1. Under 9 Å between Cβ atoms, which residue pairs at least 6 apart in sequence (or on different chains) link something in region 86-102 that is without any contact (Cβ under 8 Å) to a residue 12 or more places away in the chain with a partner that is of a type in the set (D, E, K, R)?
2. Quick one: what pairs do we get from region 25-49, first residue farther than 24 Å from Pro74 by Cβ, second in a helix (DSSP H, G or I) and hydroxyl-bearing (Ser, Thr, Tyr), C-beta under 7 Å, 6+ apart or different chains?
3. Before we move on, is Thr128 out of contact with any strand residue (DSSP E or B) (no Cβ under 7 Å at 6 or more places or on another chain), farther than 30 Å from Lys38 by Cα, at pLDDT 95 or above and not small (Gly, Ala, Ser)?
4. Looking only at region 89-123, which residues are within 25 Å of Cys16 (Cα to Cα) and of a type in the set (Lys, Arg)?
5. Testing Lys119 on (1) at pLDDT below 95; (2) basic (Lys, Arg); (3) surrounded by 18 or more Cβ atoms within 10 Å (Cβ to Cβ), one condition comes back false. Which one is that?
6. Starting from region 128-144, keep only residues that are within 11 Å of Phe76 (Cα to Cα), then list their pairs with residues that are modelled with pLDDT under 95 and among the hydrophobic types (A, V, I, L, M, F, W, C) whose Cβ atoms are within a distance under 7 Å, requiring at least 6 positions of separation or different chains.
7. Test of understanding: among Ser81, Ser93, which residue is over 28 Å from Ala56 (Cα atoms), out of contact with any Leu (no Cβ under 9 Å at 6 or more places or on another chain) and at pLDDT 95 or above?
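The values are calculated or read from the model by the stated rules, or taken from the named source; none is laboratory data. The shown structure was predicted, so the numbers you read here are calculated from the model rather than taken from an experiment. FYI the Cβ positions are ideal-geometry reconstructions off the backbone, even for glycines, and counts take in every protein chain you see.
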Amino acid sequence: MGAIDSLPTEYGYVVCVLVLYFFLNFYMAIQVGAARKKYKVFYPTLYALESENKDAKLFNCVQRGHQNALENMPIFFLFLSLGGIKHPIIASSFGLLYTVARFFYFQGYSTGQPENRVKFSALGFLATFALVGCSISLAVHLLI
C-alpha cells in the first residue's frame with residue numbers, strides 16, 4: 001500500500017483546489033502580460049517608474065497584485081496540503097475561500113487603486129489561519 005492510498009478519499013478536493021489556484025495564477029500572469037502591452041512596460045522591467053511612464057501606477061498595481069499572490073503561494077500550498085491530510089473537507093473549503101478571496105484581491109488591486117485590494121483581505125487571512133489550524137491539528141495527531 002503506497003502513501004497515496006493512505007490519504008483519505010476526500011483529499012481529492014484538496015488537489016482540486018491546488019489545480020484551481022494554478023489556473024488563477026495563470027489568469028493573473030496573463031493579466032500582467034496584457035498590462036505590459038497596454039502600458040508599454042517591457043521585459044525585463046519588473047515595475048514601471050512614474051518618472052518614465054505616466055501609467056506606471058496602473059501597471060504596477062496589476063504587477064503587484066500578481067507578485068503578492070506569488071509571494072504567498074508557497075505558504076498557502078503548504079498549509080492546504082498538510083492540513084488537508086487530516087481535515088480534507090475543511091482544508092479544501094478554506095482553500096477555496098482563499099482562492100476566491102485572492103481573485104477579488106487581485107481584481108481590486110488591478111483597478112489602479114491599491115486600497116481596493118483590502119475588501120476581501122480579511123477572508124484570505126481567515127482562510128490562511130484556518131489552514132494553519134488544520135496543520136497544527138495534523139501535527140498534534142501525529143505526535144500523540
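1. none
2. Listed pairs, sorted by first residue: Ala48/Tyr39.
3. Working: out of contact with any strand residue (DSSP E or B) (no Cβ under 7 Å at 6 or more places or on another chain): yes; farther than 30 Å from Lys38 by Cα: yes; at pLDDT 95 or above: yes; not small (Gly, Ala, Ser): yes.
In short, yes.
4. Arg102 - this is the single residue of region 89-123 that is within 25 Å of Cys16 (Cα to Cα) and of a type in the set (Lys, Arg).
5. Checking Lys119 against (1) at pLDDT below 95; (2) basic (Lys, Arg); (3) surrounded by 18 or more Cβ atoms within 10 Å (Cβ to Cβ), the one that fails is (3).
6. Matching pairs, first to second residue: none at all.
7. Working: Ser81 fails: out of contact with any Leu (no Cβ under 9 Å at 6 or more places or on another chain).
Among Ser81, Ser93, only Ser93 is over 28 Å from Ala56 (Cα atoms), out of contact with any Leu (no Cβ under 9 Å at 6 or more places or on another chain) and at pLDDT 95 or above.
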